[in-house]
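Asker: Could you have a look at this structure, given as structure tokens, before my questions?
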Amino acid sequence: MLKFAQRVEEIEPFRVVEVLAEAKAMAARGIDVVHMEAGEPDFATAQPIIDAAKLALDQGATYYTAATGIEPLRIKLAELYAERHKVNIDPRRIIITPGASGALLLVASLLVNPGDGILLADPGYPCNRHFLRLVEGRAQLVPVSAAERYQLNANNVAKHWQPNTIGAMVASPANPTGEVIRKPELAALYAAVQERSGHLIVDEIYHGLTFEQPASSILEITQDAFVINSFSKYFGMTGWRLGWLVAPDAAVEPLERLAQNLFISMSTMAQYGALAGFEPETKAVLEQRKEIFKSRRDFLLPALQSIGFDIPSTPEGAFYIYANIEKFGMDSMTFCQKMLREHAVAITPGADFGQYQSDKHVRFAYTTSMDQLKKGIDRLKLALS
């Protein structure tokens, strides 16, 4: 009889993947499903990126690269921080990873001893707490409400810091809420963590996808935080599995050793493709797509509110709306199953994102066309009238 490690039992399923699988099975049976569950841009990767990857393959880019990534890509990313955030980052501090998940695994492996805790916002992206469990750490979930825009702040860091807490992790913009931490709040948060000799990890994977004003990077405030980012969201390269990590200078060498052992190197083809993401032609495409996401948000938000979903603030970034469903008298799992199985609308249950009031919330992803969003709204109106 097979016996598995205890940690496996404590890593919960990623429910959005289960919803997506059921929705795809329904579609395979000929059912017209409206997909508002997956946090994946519906646009194919921009053609210049694809062309650059093909050219790299034709030129023999099929071998390992350095464990920290190819130098031209690290230089381009350093230039991106100079352009967007007016900060100078030594390219050697940028480590290319297999998606943002690879960056998080590196940071967790570097910082967390067995039993150490990291403060996380609840609700928040579920894989973060599971990566901590993988390295025998503890996710210390901090309940945050709409009044706090679902984000950790200096006050709740001070309130929830425990003897075994070694740091905090935040995301801005956040999944599942789309909420942004503004620069003064970010500075106060860093000061609260630093005062307790802790580490601050900031997930910035939705940078570039903010609609009113750019999100501030923690690197504008300090060079001692760990920044996780990805080519999946703004650059639209989900299936390429490519991300990056910006680390304090003293952390680079041990992180490189970890990367050598955990990954050897990232996809060579993907790295050369990503170089084209910084070209003017590609940037024009990506900015146009961002405007499309904004128009979808501006349609979907009031449409959901008019049906009865409680959404107290306008999400400033990413492509999500986190909605309270108390009015409808169902928990989030029951609600999502009913909408999918009876009305062919796929939504993610709040249970994916933590414990605090999760049964009262669902997440909508506006990663599908406007026509599909309108169809989904019509179906929801019919289902909930």
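The values are calculated or read from the model by the stated rules, or taken from the named source; none is laboratory data. Note that the coordinates shown come from a computational prediction; the quantities given were computed from them, not determined experimentally. Glycine gets a Cβ as well: all are built from the backbone with ideal geometry, and neighbour counts include every protein chain shown. Just so you know, the surface numbers come from the protein's heavy atoms only, side chains and all, with ligands and any DNA or RNA stripped out. Shrake-Rupley method; radii C 1.70, N 1.55, O 1.52, S 1.80 Å.
Asker: Here is a list of conditions, (1) in a loop (DSSP other than H, G, I, E, B); (2) in contact (Cβ under 8 Å) with a residue 12 or more places away in the chain; (3) within 25 Å of M269 (Cβ to Cβ), and G60 meets all of them except one; can you say which number that is?
Answerer: Going through the list (1) in a loop (DSSP other than H, G, I, E, B); (2) in contact (Cβ under 8 Å) with a residue 12 or more places away in the chain; (3) within 25 Å of M269 (Cβ to Cβ), G60 breaks only (2).
Asker: I321 passes all but one of (1) part of a helix (DSSP H, G or I); (2) aliphatic (A, V, I, L, M); (3) modelled with pLDDT of 95 or more; which number fails?
Answerer: (1)
Asker: Only strands (runs of 3 or more DSSP E) wholly contained in segment 72-149 count here; list those with 1 or more residues that are of a type in the set (D, E, K, R).
Answerer: 117-122, 138-143
Asker: OK, next. Among A27, A67, A56, A38, which is surrounded by fewer than 18 Cβ atoms within 10 Å (Cβ to Cβ) and not basic (K, R)?
Answerer: None of the others qualify; the one that does is A27.
Asker: Continuing with the same structure: Among the numbered criteria (1) buried (at least 19 other Cβ atoms within 10 Å of the Cβ); (2) over 22 Å from the mean Cα position of the chain (by Cα); (3) in contact (Cβ under 8 Å) with a residue 40 or more places away in the chain, which one does A192 miss?
Answerer: Tallying (1) buried (at least 19 other Cβ atoms within 10 Å of the Cβ); (2) over 22 Å from the mean Cα position of the chain (by Cα); (3) in contact (Cβ under 8 Å) with a residue 40 or more places away in the chain, A192 fails exactly one: (3).
Asker: May I pose another question? Pairs under 8 Å by beta carbon, first residue at positive phi in segment 82-96, partner open to solvent by less than 100 Å² (accessible area, probe 1.4 Å), six or more apart or different chains?
Answerer: K86/E220
Asker: Going by what's in this entry, would E185 be described as open to solvent by less than 10 Å² (accessible area, probe 1.4 Å), charged (D, E, K, R) and at pLDDT 95 or above?
Answerer: Here the answer is no, as E185 does not meet what is asked.
Asker: Determine whether segment 354-362 contains at least one residue that is out of contact with any helix residue (DSSP H, G or I) (no Cβ under 9 Å at 6 or more places or on another chain), surrounded by 17 or more Cβ atoms within 10 Å (Cβ to Cβ) and assigned to a loop (DSSP other than H, G, I, E, B).
Answerer: yes
Asker: What is the one condition in (1) free of Cβ contacts under 8 Å to residues at least 12 places away in the same chain; (2) in a strand (DSSP E or B) that D371 does not satisfy?
Answerer: The number of the failed condition is (2).
Asker: Moving on to the next point. Need the failing condition index for S197 against (1) in contact with a Ser or Thr (Cβ under 9 Å, 6 or more places away or on another chain); (2) at positive phi; (3) not aromatic (F, W, Y), just the number.
Answerer: Unmet condition: (1).
Asker: Being of a type outside the set (F, W, Y), closer than 25 Å to Q194 by Cα and touching a Ser or Thr at 6+ places or on another chain (Cβ under 6 Å) is true for just one of V112, V142, V135. Which residue is that?
Answerer: Of the residues listed, the single one that is of a type outside the set (F, W, Y), closer than 25 Å to Q194 by Cα and touching a Ser or Thr at 6+ places or on another chain (Cβ under 6 Å) is V135.
Asker: Restricting attention to segment 24-46, which residues are assigned to a helix (DSSP H, G or I) and in contact (Cβ under 8 Å) with a residue 24 or more places away in the chain?
Answerer: Correct list: M26 only.
Asker: Could you give every pair whose Cβ atoms fall below 9 Å, whose first residue belongs to segment 9-23 and is free of Cβ contacts under 8 Å to residues at least 60 places away in the same chain, and whose second residue is small (G, A, S), counting only separations of at least 6 or pairs across chains?
Answerer: Final answer for the pair search is V17/A38.
Asker: Further, regarding this structure: Would you mind telling me which numbered condition in (1) at pLDDT 95 or above; (2) open to solvent by less than 50 Å² (accessible area, probe 1.4 Å); (3) within 26 Å of L119 (Cβ to Cβ); (4) not basic (K, R) G236 fails?
Answerer: If we test G236 against (1) at pLDDT 95 or above; (2) open to solvent by less than 50 Å² (accessible area, probe 1.4 Å); (3) within 26 Å of L119 (Cβ to Cβ); (4) not basic (K, R), just (3) comes out false.
Asker: Counting just the residues of segment 1-24 that are basic (K, R) and under 23 Å from G239 (Cβ atoms), which one comes out surrounded by the fewest Cβ atoms within 10 Å (Cβ to Cβ)?
Answerer: Out of the qualifying residues, it is K24.
Asker: I would also like to ask the following. Are any of the residues in segment 81-97 surrounded by 20 or more Cβ atoms within 10 Å (Cβ to Cβ), touching a His at 6+ places or on another chain (Cβ under 9 Å) and aliphatic (A, V, I, L, M)?
Answerer: Within segment 81-97 (the criterion being surrounded by 20 or more Cβ atoms within 10 Å (Cβ to Cβ), touching a His at 6+ places or on another chain (Cβ under 9 Å) and aliphatic (A, V, I, L, M)), the answer is no, since none of the residues qualifies.
Asker: Here are N128, N153, N88: which of them is touching an Asp or Glu at 6+ places or on another chain (Cβ under 7 Å) and of a type outside the set (D, E, K, R)?
Answerer: N153
Yes or no, residue by residue, for (1) within 29 Å of D51 (Cα to Cα); (2) among the small types (G, A, S):
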| position | (1), (2) |
| --- | --- |
| D249 | no, no |
| E256 | no, no |
| Q260 | yes, no |
| A274 | yes, yes |
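Asker: Which of (1) open to solvent by less than 10 Å² (accessible area, probe 1.4 Å); (2) not in a loop (DSSP other than H, G, I, E, B) does P315 not meet, given it meets every other one?
Answerer: All conditions are met except number (2).
Asker: Still on this structure, please answer the following. For segment 105-119, give me each residue that is aliphatic (A, V, I, L, M), open to solvent by 10 Å² or more (accessible area, probe 1.4 Å) and within 30 Å of S358 (Cα to Cα).
Answerer: L105, L111, V112
Asker: Collect the residues in segment 144-163 that are out of contact with any Lys or Arg (no Cβ under 6 Å at 6 or more places or on another chain), more than 14 Å from A174 (Cβ to Cβ) and buried (at least 16 other Cβ atoms within 10 Å of the Cβ), keeping them in residue-number order.
Answerer: A154, N156, V157, H160
Asker: Here is a check on your reading of the model: is M333 assigned to a helix (DSSP H, G or I) and open to solvent by less than 20 Å² (accessible area, probe 1.4 Å)?
Answerer: no
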